[in-house]
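Contents: one structure, followed by commentary.
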Amino acid sequence: MCGIVGYVGGKEACDVLIEGLKRLEYRGYDSAGICIQRDGELSIDKCPGRIAVLSERIEGNEAIHGGTVGIAHTRWATHGEPNEVNAHPHTDGTKRIALVHNGIIENYSTLKTYLQDKGHVFESETDTEVLAHLIGEFHDDGDITLELAVQSALREVSGTYGIVVVSADEPGKIVAARKGSPLIIGVGKDEYVVASDASAIIEHTANVVYLNDNEMAVISRDGMRTMTIDNVPVTKEIEQIEWSLEQIAKDGFEHFMLKEIFEQPEVVRTSLSGRIDLREMRVQLGGLEHVSRELVRVRKLILTACGTAWHAALVGEYLFEDLARIPTEVEYASEFRYRNPIVDEGTAVVAISQSGETADTLAALQEARQKGALALGIVNVVGSTIARQTDAGVYLHAGPEIGVASTKAFTCQLVVETLMALMLGRRRFMSQASMERYLRGLSDIPDQIAEVLGQSDTIRQITGEYVGFDNWLFLGRGYNYPVALEGALKLKEISYIHAEGLPAAEMKHGPIALIHDGMPVVFVAPRCATYDKILSNIEEVRARKGKILAIATVGDEEIRKFADHVIYVPDCPAPLSPILTVVPLQLIAYHAAVARGCNVDKPRNLAKSVTVE
Ligand code: AGP
């Protein structure tokens, strides 16, 4: 998720664009850039770091000032590390066409080869530069207008995009288009501001036009034309922005955490995109290709992480042992780094981290490298330290996670681990039929998460009945034991309620002593091989007057007899169930924190990334 802005009007474009970027910074902040069209030339300046770095840098750059047309970008890297070369805007081979892009061009590698065969030379590692060159290719070939060249190029790409394009040869014009990524056009007096969301527009005008998928706009100071990418004119209605700036950044949600919980269907879809092939029934993880031979032959996997990422690692242990039959250990990074662990050449160590900067996880990775292990990463922040210190890895593509309590990164960590286990399992023991069942199950997951999110209000009401209790237990079995741990952590870190997660059968070896009248006990109990066992554990709690809140599989009427409240999740193959069962637990924690008046996005004593020991 990046932030893009475009401007045509009478004002100093550079100021409008920089202000717009500042408003969009929550969408991505690892590098930024700007391009101003003036006197038949395009002037570009870009650099790694936050908007403030770019803003300072362009102060002395004459060429960037004095123009009334331009485009700008704040990046959340997906392809290629955050650095000056990979920052946007990107240009075509002639440097007379520039574009900014938010989204992912899935078939960029095929297009890149086609263009290289035609003599194109690329400077960056990005998918976006390929689109710029493709537009340039059509533009030069056909000697056509910018918008026609953009249309021709977009008909060749698969993936998602929100783009704004400018050409040195067509003064006073910008072209915008979208598919899958948001794009809004602010209609002002003699000026237009194009942006990823209204926060960059609202100070200029409240009149906006929302582009739909496969639609584009040709904008100059005199007016705007809208059409489809097949050049069919479309009439667009001008609507009013009613939200405040803060509301826009949170997409109308009260907190970033809730926004990120509701983003999960979309980000899981993005995390899967281009990685599962339902025709060939296979998984493709580009970031592991150059080590795949070694990986298929590893004798042991060690997954290391902290906090929520450690819970994802625990689910990973079940996935790699069950689906790929690889012996797997899970290590707290803070312990692993000092424990002088047994790591040999046959071992691959996987560091799991949303931020990619957690000090303990980084040190654990360095320890593993010291000992000659194959060092892998499952990371969200592209170009982060952990990502750069691995031999290979997989990015989550979950977009920036602002809420301190990790939610969408966790579900995407589970998705990536599942993809890795399936890829390795299929190359080792798994049958085609099993692979097909799991891949079809995975491709259903985004819609199934959306189904669970539809119950948010019911979950708020149920949570309201228990929010007065200061001690909760979370219990699960198998794949859902780590989910119980995650549910407890979410509740602790944002509502300050003490909660403990345990394997359900462990309870009777001590913690059952805690159960007393009305104490809430959350059972993560989807249908699975140990379902009957978990029903007995529920009985043990009921017998001691604990209150049962069960997460169960749709259609399971049986559990209603035992539980005080049941929250249903759609049915799916057991290894995929944690991706669904965690969502109600995220919502329980969120609603409990709101009910207790806690600062949900900035909980006390916590930092989003723990970069110290
Ligand atoms: C989770 O909600 C917390 N923010 C915390 O436990 C976090 O998971 C942990 O600090 C690890 O962070 P990382 O994934 O960025 O390495």
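Results, tabulated for the structure shown:
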| read-out | value |
| --- | --- |
| Residue count, region 576-599 (criterion: over 17 Å from Val554 (Cα atoms) and buried (at least 21 other Cβ atoms within 10 Å of the Cβ)) | 8 |
| Test: residue in region 571-590 that is assigned to a loop (DSSP other than H, G, I, E, B) and among the small types (Gly, Ala, Ser) | no |
| Subset of region 314-343 that is assigned to a loop (DSSP other than H, G, I, E, B) and either free of Cβ contacts under 8 Å to residues at least 24 places away in the same chain or touching a Lys or Arg at 6+ places or on another chain (Cβ under 7 Å) (or both) - its residue that is farthest from the ligand (Cβ to nearest atom) | Arg325 |
| Residues that are among the aliphatic types (A, V, I, L, M) and over 26 Å from His397 (Cβ atoms), drawn from region 18-51 | Ile18, Ile36, Leu42, Ile44 |
| Residue satisfying condition, being crowded, with 23+ Cβ neighbours inside 10 Å and farther than 16 Å from His101 by Cα, within set Ala32, Ala13, Ala52 | Ala13 |
| Filtered residue count, region 366-381, keeping only those that are touching a strand residue (DSSP E or B) at 6+ places or on another chain (Cβ under 6 Å), more than 11 Å from the ligand (Cβ to nearest atom) and either in a helix (DSSP H, G or I) or closer than 18 Å to Ala409 by Cβ (or both) | 3 |
| Extreme residue, farthest from the chain's Cα centre (by Cα), among residues of region 529-570 that are in contact (Cβ under 8 Å) with a residue 24 or more places away in the chain and part of a helix (DSSP H, G or I) | Glu540 |
| Looking only at region 585-611, and only at residues there that are basic (Lys, Arg) and more than 12 Å from Ile497 (Cα to Cα), the one that is nearest to the ligand (Cβ to nearest atom) | Lys608 |
| Top-ranked residue of region 75-110 - restricted to ones that are under 20 Å from Val218 (Cβ atoms) and polar (S, T, N, Q), ranked as surrounded by the fewest Cβ atoms within 10 Å (Cβ to Cβ) | Thr91 |
| Where a residue in region 483-495 is within 17 Å of Ala595 (Cα to Cα) and of a type in the set (Lys, Arg) and its partner, wherever it lies, is away from the ligand (no atom under 11 Å from the Cβ) and not in a helix (DSSP H, G or I), with Cβ under 8 Å and at least six apart | Lys492/His498; Lys492/Ala499 |
| Restricting region 382-418 to residues that are among the polar types (S, T, N, Q) and in a helix (DSSP H, G or I), the residue that is nearest to the ligand (Cβ to nearest atom) | Gln413 |
| Qualifying residues in region 35-49 (those that are touching a strand residue (DSSP E or B) at 6+ places or on another chain (Cβ under 9 Å) and charged (D, E, K, R)) - the one surrounded by the most Cβ atoms within 10 Å (Cβ to Cβ) | Lys46 |
| Residues of region 475-525 satisfying the condition of being of a type in the set (Gly, Ala, Ser), at pLDDT 95 or above and either assigned to a loop (DSSP other than H, G, I, E, B) or within 16 Å of the ligand (Cβ to nearest atom) (or both) | Ala484, Gly487, Ala488, Ser495, Ala499, Gly501, Gly510, Ala525 |
| Helices (runs of 4 or more DSSP H) wholly inside region 195-313 containing at least 3 residues that are surrounded by 21 or more Cβ atoms within 10 Å (Cβ to Cβ) and at pLDDT 90 or above | 256-262, 264-272 |
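Condition check ((1) under 21 Å from Asp127 (Cβ atoms); (2) more than 16 Å from the ligand (Cβ to nearest atom)) across all residues:
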| site | (1), (2) |
| --- | --- |
| Thr270 | yes, yes |
| Met281 | no, yes |
| Gly286 | yes, yes |
| Val296 | no, yes |
| Arg299 | no, yes |
| Gly307 | no, no |
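The values are calculated or read from the model by the stated rules, or taken from the named source; none is laboratory data. From a predicted model like this one, the values you see are computed outputs, not experimental measurements. Cβ: placed from backbone, ideal geometry, glycine included. Neighbour counts: every protein chain shown.
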